[in-house]
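Step one of this worksheet: look at the structure below.
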Amino acid sequence: MNTETITHTTSTGLADLTKIIEAVALHASTDRTRYALTGIYLTPENITATDSYTLAQWTPAEPITTGQPALIDARELTTALKNLNKAAAKTPATATLTTNGDTWQLTATNEQNTIGSYNGQTINAEHPNTKQLLDTTTPAETPFEPTGFNADYLERITKAHNKLTKNTPLVMATWAGPNKPLIYTTTNYAGQLLTLIMPQRINQ
């Protein structure tokens, strides 16, 4: 049990936060035996999820979290956000997400009135270190070889992009060879999403 009080809060538009979390959550694992990968990892700088096959990292234009990192179950958080959006009945609302030690609370408000609130347990596990994978500065040094990508994962990346924007292109940010990840970027007014997919070598 974590006895240290750790608090971070994000306060932003409910609809915007829902789109961001849903886009990132597409890349969280649904395998409940790999519970460390079923979560969305929140830090002051990024919101990240991975199932070890694909990865998404959202970087907001302005910080929307403060405090220590927290790992929250992707399915629980997206369900809570969807239900709060229904309760808000498409009217403008603000979402506040707070973690305190091993618990989290999501509250939506509208014109000083509370629309609803959800509580849950954070995941007591270490999220994978994704910084090395998301190095977009290394250029290709070797000729390309026949390489393939899982079509389901490409579809997942497209769905995540479309949740965030319909008006800007999905951009391939880096491709450094058949043993390196392919990274795409999605950019809108609220920030940027990096999505990563690992290649599959094709035998000829």
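Rank-order 47-57, 183-193, 116-126 by packing density, defined as the average count of other C-beta atoms within 10 Å over each peptide's residues, highest first. Provide the component values of the computation, followed by the final result.
Working: 47-57: 22.3, 183-193: 19.0, 116-126: 14.7.
For the peptides 47-57, 183-193, 116-126, the packing ranking is 47-57, 183-193, 116-126.
Any idea what the relative contact order of segment 47-116 is, in percent, if you count C-alpha pairs under 8 Å spaced at least 6 apart?
Taking the mean separation of contacting Cα pairs over the length of segment 47-116, I get 20 percent.
If each of ASN129 and LYS86 carries a label point 7 Å out from its Cα toward its Cβ, how far apart are those two points in nm?
4.2 nm
Give, as a single signed number, the net charge of other residues whose beta carbon lies under 11 Å from the beta carbon of ALA125, with Lys and Arg counted +1 and Asp and Glu -1. Intermediate values should be presented prior to the final figure.
On the way: positive: ARG34; negative: ASP73, GLU126.
Here the charged neighbours net out to -1.
Given labels modelled 7 Å from the Cα in the Cβ direction, how far is it in nm from ALA151 to TYR53?
1.4 nm
Of all the accessible heavy-atom surface of segment 16-108, with the other protein chains kept in place and a 1.4 Å probe, what percent is carbon and sulfur?
The computed percentage sits at 51.
Rounded to the nearest 0.05, what FRET efficiency do ASN119 and ALA15 have when you use their Cβ-Cβ distance and R0 = 25 Å?
The formula returns an efficiency of 0.70 here.
The values are calculated or read from the model by the stated rules, or taken from the named source; none is laboratory data. Since the model is a prediction, treat every value here as computed from it, not as a measurement. Cβ coordinates were reconstructed from backbone atoms using ideal geometry, including for glycine residues, and neighbour counts include every protein chain displayed. The accessibility values were calculated without ligands, DNA or RNA, using every heavy atom of the protein model including side chains. Shrake-Rupley method; radii C 1.70, N 1.55, O 1.52, S 1.80 Å.
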